[in-house]
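Below is one structure, written out as structure tokens; the observations come after it.
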Amino acid sequence: MARTKDENTEGQILDAAKKVFQSKGMDGARMQEIADKAGINKAMLHYYYRSKQLLFEAVFKNAFSLLAPQLNAILNDDSSIEDKIRNFTSDYLTFIIKHPYLPNFIIQELNRNPDFIAKLKENTGFPNLEKFKLQVAYEVEHGSIKPISAEQLFINIMALNIFPFVAKPLIMAFTDTDSTTFKQLMEDRKTEVSNFIINAIKPA
């Protein structure tokens, strides 16, 4: 019973932390607020997570463990390149709209701790590009898409999907949009990004 109780408490903490990080960001989040939202005292929170950084990493890893296998499945299924682009973009954006802190956290962690991604790669389900590389090379060889390496195509997909969230304040300022409008723009990008990339690789 004690073990179940511990797991339930940890789940409550991670859920509360996710909500606070989403609304306040890493810098604005406070451990006391997270403890209050989880229904525990601050001492109990520190018993599970000694620092805000460790708690943030736990929230990230929990979310990434849900996203990574989903994206890996898309990259390694038997669908066409076009469907992969559409499905990858749609699934990624849907997930990041719900977890907007993730892209900035990755950038932050890479700058602070270059070994962070190496640790993530050890997890089961981390995206593997080998089948995607073979598929892109085959399509290029047979003239189905313009000459492009799988690495460059994947970088294009990731860059167009990630950048708006990393540069959210800048984009909102340039486009004079509020949070609600920005969220709708991100929903629209599920189609816009896919169409842009697919049209860019279609043979003339």
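Any read-out appearing in this document is the output of simple, stated calculations on the displayed coordinates, not a laboratory observation. Quick caveat: nothing in here was measured; it's all calculated off a predicted structure. Cβ coordinates were reconstructed from backbone atoms using ideal geometry, including for glycine residues, and neighbour counts include every protein chain displayed.
Across the cross-link table entries Lys24/Lys119; Lys61/Lys131; Lys52/Lys131; Lys18/Lys183; Lys61/Lys190; Lys19/Lys133, which are compared at the Cα atoms, the separations over 30 Å belong to Lys52/Lys131; Lys19/Lys133.
Each listed q (0.11, 0.12, 0.17, 0.20 Å⁻¹) maps to a log10 I(q)/I(0) for the stretch 47-197, found by the Debye formula over equal Cα scatterers with no solvent: -0.49, -0.58, -1.08, -1.34.
In whole angstrom, the stretch 154-204 maps to an equivalent ellipsoid with semi-axes of 24, 12, 9, each derived as √(5λ) from the alpha carbon gyration tensor and ordered largest first.
Ranked by Cβ crowding within 10 angstrom, fewest neighbours first, how are Asp15, Asp176 ordered?
Values: Asp15 14, Asp176 7.
Least to most surrounded, the residues fall as Asp176, Asp15.
For Ser51, Ser90, Ser65, the sequence from fewest to most other C-beta atoms within 10 Å is Ser51, Ser65, Ser90. Only helices enter this figure: runs of n ≥ 4 DSSP H residues, each worth -39500 (n - 2.57), summed and divided by the residues of the chain, yield -25500 deg cm²/dmol at 222 nm to the nearest 500.
With springs only between Cα atoms under 10 Å, which of Leu55, Leu102, Leu110 fluctuates most in a Gaussian network model of the chain? Maximum fluctuation in the GNM of the chain, among the listed residues, is at Leu110. Only helices at least 27 Å long along their axis, Cα-based, and averaging -0.5 or more on Kyte-Doolittle count here, so list those DSSP H runs from the chain. Span-like helices in the chain: 52-75, 179-201.
Ranked by Cβ crowding within 10 angstrom, fewest neighbours first, how are His142, His46, His99 ordered? Don't skip to the answer; put the middle values down first.
Working: His142 8, His46 14, His99 21.
Ordered from fewest to most neighbouring Cβ atoms within 10 Å, His142, His46, His99 come out as His142, His46, His99.
Of the residues Thr9, Thr177, His142, the one whose Cα sits farthest toward the positive end of the charge dipole of the chain, with +1 on the Cβ of Lys and Arg and -1 on the Cβ of Asp and Glu, is Thr9.
Quick check on the stretch 70-127: take the gyration tensor over C-alpha atoms, sort the square-rooted eigenvalues as a ≥ b ≥ c, and tell me if it's rounded (a/c under 1.5), prolate or oblate. Walk me through the numbers on the way to the answer.
On the way: a/c = 2.90, a/b = 1.58, b/c = 1.83.
Oblate.
Once the Cα-Cα distance is subtracted from the 0.36 nm per residue extended length, the Arg50 to Glu151 segment shows a gain of 32.5 nm. Each label point was placed 7 Å from the Cα along the Cα-to-Cβ direction; for Thr175 and Phe196 their separation is 1.0 nm.
Where is the GNM fluctuation largest for the chain (alpha-carbon springs, 10 angstrom cutoff): Asn161, Asn111, Asn123? Residue with maximal mean-square fluctuation among Asn161, Asn111, Asn123: Asn111.
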